[in-house]
1. Could you grab the pairs with beta carbons closer than 7 Å, sequence gap of 6+ or different chains, first residue in the stretch 424-448 and assigned by TED's automatic domain parsing to the domain that holds Arg303, second one polar (S, T, N, Q) and assigned to a helix (DSSP H, G or I)?
2. Which number in (1) in contact with a Leu (Cβ under 6 Å, 6 or more places away or on another chain); (2) assigned to a helix (DSSP H, G or I); (3) not aromatic (Phe, Trp, Tyr) marks the one condition that Met178 misses?
3. Against the conditions (1) crowded, with 22+ Cβ neighbours inside 10 Å; (2) closer than 25 Å to Arg150 by Cβ, where does Val54 fall short? Just the number, please.
4. When you go through Gly140, Gly169, Gly123, Gly155 one by one, which is the residue that is closer than 28 Å to Gln296 by Cβ and in contact with a helix residue (DSSP H, G or I) (Cβ under 9 Å, 6 or more places away or on another chain)?
5. Considering only the stretch 136-149, state which residues are more than 9 Å from the ligand (Cβ to nearest atom) and either open to solvent by 10 Å² or more (accessible area, probe 1.4 Å) or more than 25 Å from Val205 (Cβ to Cβ) (or both).
6. Please state which one of Gly133, Gly128, Gly152 is closer than 20 Å to Gly23 by Cα and either within 13 Å of the ligand (Cβ to nearest atom) or buried (at least 24 other Cβ atoms within 10 Å of the Cβ) (or both).
7. Can you name every residue in the stretch 336-365 that is more than 19 Å from Lys398 (Cβ to Cβ) and in contact with an Asp or Glu (Cβ under 6 Å, 6 or more places away or on another chain)?
8. With the condition being open to solvent by 50 Å² or more (accessible area, probe 1.4 Å) and among the hydroxyl-bearing types (Ser, Thr, Tyr), I'd like the helices (runs of 4 or more DSSP H) fully within the stretch 403-477 carrying at least 1 qualifying residues.
Amino acid sequence: MRGIDFFFNPKVVAVVGASRRPGKVGYELLRNLREYFKGRLYAVNPEAKEILGVPCYPSLSDVPDDVDVAVVVVPAEKVVDVAEEAGRKGVKGLIVISSGFKEVGPEGAERERRLIEVVRKYGMRLIGPNCVGVYVPKSGMNTLFLSRERQGYPGHGFIAFASQSGAFGSAVLDWAAMRGIGISKFISYGNKADVDEVDVLKYLVEDVDTRVITLYIEGVERGREFLDTLMEVTKYKPVVVLKSGRTEAGARAASSHTGSLAGSDAVYDAAFKQCGVIRAYSMEELFDFATALGMQPPAAGDRVAVLTVGGGSGVMATDALVDLGLKVPRLSDDTVAKLRRVLLPFASPYNPVDVTGSAVDEHLVEAIEIILKSGEVDAVMWLPYYMVPGITPELNRKFLSRVRKVFQEIGRIVPIVGVATGGSYTAIYAREAESMGIPMYISPERAAKAIKALVDYGRWLKRSGTFDYYIEKYFRV
Ligand code: COA
């Protein structure tokens with residue numbers, strides 16, 4: 001069977017059902033492609049010669065070019081005919097946005113069966129139906145029908161996001177754009193009549209632009225293959241999964257949404273654990289974990305140091321870490337003595353290391369060096385409190401340049417995750433720290449879960465025998 005790379009990097013795209021009317025799905029979709037797509041673009045609509053300046057033809061067979069991808073936005077009852085025509089023309093694949101298939105009952109299911117029959121007959125591939133398709137910042141392939149005025153589109157980054165739900169997927173993209181999180185590939189596959197999470201995982205594990213794979217799923221049909229694929233993929237790239245339909249009522253909702261069988265949550269949970277999947281329970285967790293896993297190496301163990309400017313946050317951080325089964329060990333007498341020499345007399349050097357509200361940049365910078373060099377922890381939670389008077393706008397730069405120097409000296413990278421609780425002033429510096437490579441979270445609890453993801457993934461890689469390979473490939477000093 002044909003691979004699926006052409007969906008993400010097509011040379012020629014045709015929109016079948018491109019509309020002349022602003023506000024309609026087929027109009028907004030064409031407008032996005034016209035603005036983003038770097039290849040050749042055609043519209044298909046029997047009523048128009050051009051739409052939005054894009055050349056328009058009455059049918060696919062009239063398009064005077066070899067079309068890689070036909071994006072289909074005609075009503076469901078016309079889709080099978082369009083697919084037939086695409087097949088005859090030698091189109092490689094279809095992205096069917098239209099709803100009205102398996103998700104609406106037996107008649108729709110029959111239509112979907114005929115659609116897939118045509119797709120197979122011509123050796124095409126199919127994304128959808130009932131989906132929003134793909135968004136790839138690098139190639140400009142963007143089949144979403146949400147206008148730029150209403151929907152943010154993130155820039156290029158290391159996270160791939162595959163979603164069974166188009167609306168949720170799009171909303172997450174919008175949020176990611178606002179939060180400054182980059183995306184390598186986004187794919188919404190809807191009813192997944194052909195391309196499903198197994199195909200997507202196999203593709204993304206080989207994709208050089210993707211470092212972390214995130215999935216939103218409601219249910220999987222090819223269960224065994226899905227788990228076998230996950231088992232292989234997670235040895236090389238982290239996979240974070242948000243699985244809904246956990247409750248009986250939620251499972252019922254999933255079945256009428258995309259026609260998926262959500263299955264027993266306990267079975268999924270056990271299977272995910274066996275396959276090294278990091279499970280998220282909310283949108284925030286999905287991306288909290290993905291940013292940590294993309295920016296930081298997995299932890300080699302479960303001992304965590306908490307380095308804080310605020311005492312209370314240090315306590316909360318410790319509770320949160322311990323609740324998750326991680327260790328916050330008291331540092332050795334030797335390390336405590338070294339910390340005492342550089343910190344204020346009323347600072348606390350045991351772990352949490354609390355430099356106090358009288359701290360200046362250098363206290364954090366000296367403390368992190370001592371902590372990292374101690375070899376007594378496998379990860380650090382850093383709570384800088386940018387609003388404190390002695391902390392300067394130079395803190396991130398000074399802290400990170402010292403951290404890098406220490407990594408060179410010790411010959412390895414220890415994961416560091418930050419917490420910046422606060423408002424708009426704090427947010428500026430949190431964003432800056434993140435742009436320098438440290439994932440920053442609004443609360444110690446969220447940061448603790450991100451660290452747990454790094455610990456769990458590290459453990460999984462060690463079990464799989466790929467820890468050293470992974471570190472060497474992505475996190476060599
Ligand atoms: N080939 C090419 N164009 C055709 C065509 C054909 N065979 N038949 C009709 N068209 C044209 C129409 O003339 C129209 O263009 P116009 O607006 O310039 O007249 C355009 O294609 C769209 O057809 P129309 O009948 O107006 O459909 P629509 O825009 O009302 O609805 C869908 C089409 C696909 C958007 C709609 O059926 C649908 O499924 N909506 C739900 C989408 C969705 O939510 N997807 C899942 C997201 S998660």
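1. Filtered contacts from the stretch 424-448: Tyr429/Asn396; Glu432/Asn396; Ala433/Asn396; Met436/Asn396; Pro439/Thr291; Pro444/Ser313.
2. All conditions pass for Met178, except number (1).
3. Looking at each condition in turn, Val54 falls short on (1).
4. Working: Gly140 fails: closer than 28 Å to Gln296 by Cβ; Gly169 fails: in contact with a helix residue (DSSP H, G or I) (Cβ under 9 Å, 6 or more places away or on another chain); Gly123 fails: closer than 28 Å to Gln296 by Cβ.
Of Gly140, Gly169, Gly123, Gly155, the one residue that is closer than 28 Å to Gln296 by Cβ and in contact with a helix residue (DSSP H, G or I) (Cβ under 9 Å, 6 or more places away or on another chain) is Gly155.
5. Across the stretch 136-149, the qualifying residues are Pro137, Lys138, Ser139, Leu146, Ser147, Arg148, Glu149.
6. Working: Gly128 fails: closer than 20 Å to Gly23 by Cα; Gly152 fails: either within 13 Å of the ligand (Cβ to nearest atom) or buried (at least 24 other Cβ atoms within 10 Å of the Cβ) (or both).
Step by step, each of Gly133, Gly128, Gly152 is checked, and only Gly133 is closer than 20 Å to Gly23 by Cα and either within 13 Å of the ligand (Cβ to nearest atom) or buried (at least 24 other Cβ atoms within 10 Å of the Cβ) (or both).
7. Ser348
8. Values: elements: 424-435, 444-464, 467-474.
Per the criteria, 424-435, 467-474.
The values are calculated or read from the model by the stated rules, or taken from the named source; none is laboratory data. Because the structure is predicted, anything quoted here is derived from the model rather than measured. Counting neighbours? That spans all protein chains shown, and the Cβs are built from the backbone with ideal geometry, glycine included. Surface areas here come from the heavy atoms of the whole protein model, side chains and all, with no ligands, DNA or RNA. Shrake-Rupley method; radii C 1.70, N 1.55, O 1.52, S 1.80 Å.
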